[in-house]
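**Q** Dumping the structure here so I can ask a few things about it.
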Amino acid sequence: MTDPAATPSPPAGLLVVGESTFTKRFEAIRPTGSPSWLLMWTTRGRGAVQHGDTALTTGAGQLVLIEPGVRHTYGVAPGAGEWSLQWAHFRAPQGNWLGASRHLTPTASGAAEAIDAAFDRLYRYARLTGDHIPPSPVRLPAFATRPEQQALALCALEEIVRLADLAGAPAAHSGPDPRIARVRRLIAETPEAPHTVNSLAALAGLSPSRFSHLYARTTGHSPMQAVRAHRLHRAARLLTGTGMSVAAVAVTVGYVDQFHFSRAFRREFGMPPSSYRHNGEVPGWD
């Protein structure tokens, strides 16, 4: 069972950008990662980020890029009063400009200013409707839902990552096994599919026993625990964000038996789905 305080993420196909100022040691806890890429650009203060087996402290002018399906937590670094950052959740783009999870420090002169400008464009693209950009006195999260918006936003994101790549080499780290990362992305993107250990092992090109051992060693939980957690957290978002019936939510996230779904949901969140709909609180995306 995952941590009941786990922080939900936007769906894999949604591009959302914004800025935040954090003051708590743990602002996000995602034991099964996010179904989308997460890019964070520190503008002030210091943050503590743990992704996979990598722990780091990020300061002003540093980027952190975390790939889908990698467990992570983040918040204010010990001894720091706050952490201000700009961030984006986004789907995997076409092309190869995204690598493994990285800690990027653009040290070349002018790189930070160029990245700041690219983030400004990214935020404007996410809010663009036709030829009009609605005024906003504060940077509330912006959701790029139209294909044109997403295409423009991905151009700005590519510019940000390439600027950081050119201006400073990524810190050394041990990235996740690509076979396991591939399976984790599939689970995060399609938790409702009829996944089994055998089908996931086949995707990884491993025997079921070897795959299960490697997956658990890499992530700290079994493949089917990950499937269950992603299904239930998607169900929680549907319960609080839509008017779908509990039965419809159960089927949507891959449960054939509503009783089985309700029992698993109660075990994960401490209350049945119907109560969660009225009393549960899904933390804000960041």
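The values are calculated or read from the model by the stated rules, or taken from the named source; none is laboratory data. Model, not experiment: these values are computed from the prediction. Here Cβ is always computed from backbone atoms with ideal geometry, including for glycine, and neighbour counts include all displayed protein chains. Accessible surface is based on the protein model in full, side chains and every heavy atom, while ligands, DNA and RNA are left aside. Shrake-Rupley method; radii C 1.70, N 1.55, O 1.52, S 1.80 Å.
**Q** Taking the simple approach of a point 7 Å from Cα along Cα-to-Cβ for both V251 and F26, what is their distance in nm?
**A** Taking the two extended label points, one gets 3.7 nm.
**Q** Rolling a 1.4 angstrom probe over the protein chains, ignoring ligands and nucleic acids, what is the accessible area of E159 in square angstrom, nearest 10?
**A** Here the accessible area works out near 70 Å².
**Q** Not counting ligands, DNA or RNA, and with a 1.4 Å probe, what is M224's accessible surface area in Å² rounded to the nearest 10?
**A** 60 Å²
**Q** Just the accessible area per residue of the range 170-253, please: how many Å² with a 1.4 Å probe?
**A** Averaged over the residues of the range 170-253, the accessible area is 44 Å².
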